[in-house]
Amino acid sequence: MIRKLSASLMALALVWSSVACTSLEDYSTSQPAPQLPQETTAPAAASSIADGAYSVQQATYDDSSGEYSLMLLNTEPGQSMFRSANLPLARLTDEEISAGKSSELRVENGQPALYLTPDFRIEYVHNVTATQVDPQTGQEEVVIIRQEPSFWTPFAGALAGQAVGSLLFRPHYYMPPLYRPGVALVGHGGYGRSYGEAVSRYQSRYQAPPAEYRNRQFRASGRLRSTGGTASRVNTNRPSGNGVGNSNLRRNNRRNERARPSGGSFGSSRRSAPRRSSGRRRR
């Protein structure tokens, strides 16, 4: 009797464990796997340079990729041009400026950081885009139709200091302010200890991602290209919109012949010599 009862209990236990395992398997396969948030990271530096401090003669920022192009002094032959799309910025301290330090690129353990004076202006290249249909594929793509130059002063006056405080003198990632045609960019649109934090703060402020992040997403998906390989670069002294949906893409080149400040002098008042008139007026 006891043997029969034990056998019955063992059979019942086996049946129960089989049912429980089947239920767990059905639950695990029916539930979707949780989606981890994608890390917002910038691409790695495009060029390398030995550890040290290098004076910066000129700096350019391109919002099609977020790449900085620096013209450096006192470098090894062939290393005067430094490019990086993952470059933190910091402000020189008042003591360093009083001691005669100028804007410089510092590289420690292979990690570059750009230290700037408050009045240092970075040449800003804005890429105007438009959505067009590719006649070959019939699919929409984002096209860079022209480039508009401006200047960005990340640490001008007290604006940046009020926003960042003591963090101003330590390297952080900075997003330029929202671009507006004909308006100089002063301060920052977002900052953070990581690239993703800077993008997030920019998006919270403007309710839209930075131009460099948006354009990089388009490029990663293969939807971003330039017309004719290289977009035309023009000067605009009046608002022209963001280029999306604008059918009036042609411009009068004669109106855009006004000289702009040279990128190498940053604030230099030197202008190109005026052309001599031949006495005839062209129609």
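The values are calculated or read from the model by the stated rules, or taken from the named source; none is laboratory data. Predicted, not measured: the structure shown is a model, and the values here were computed from it. Here Cβ is always computed from backbone atoms with ideal geometry, including for glycine, and neighbour counts include all displayed protein chains.
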Review point. If you take the residues of region 50-85 that are among the small types (Gly, Ala, Ser), at positive phi and without any contact (Cβ under 8 Å) to a residue 60 or more places away in the chain, which of them is surrounded by the fewest Cβ atoms within 10 Å (Cβ to Cβ)?
Key: 78
Review point. Say we look at region 112-127 and pick out the residues that are of a type in the set (Ser, Thr, Tyr) and assigned to a strand (DSSP E or B); which of these is surrounded by the fewest Cβ atoms within 10 Å (Cβ to Cβ)?
Key: 124
Check your understanding: Which strands (runs of 3 or more DSSP E) does region 54-98 wholly contain that include 3 or more residues that are of a type in the set (S, T, N, Q)?
Key -> none
Review point. Regarding residue 174, is this residue under 17 Å from residue 121 (Cα atoms), modelled with pLDDT of 90 or more, not in a strand (DSSP E or B) and not assigned by TED's automatic domain parsing to the domain that holds residue 63?
Key: no
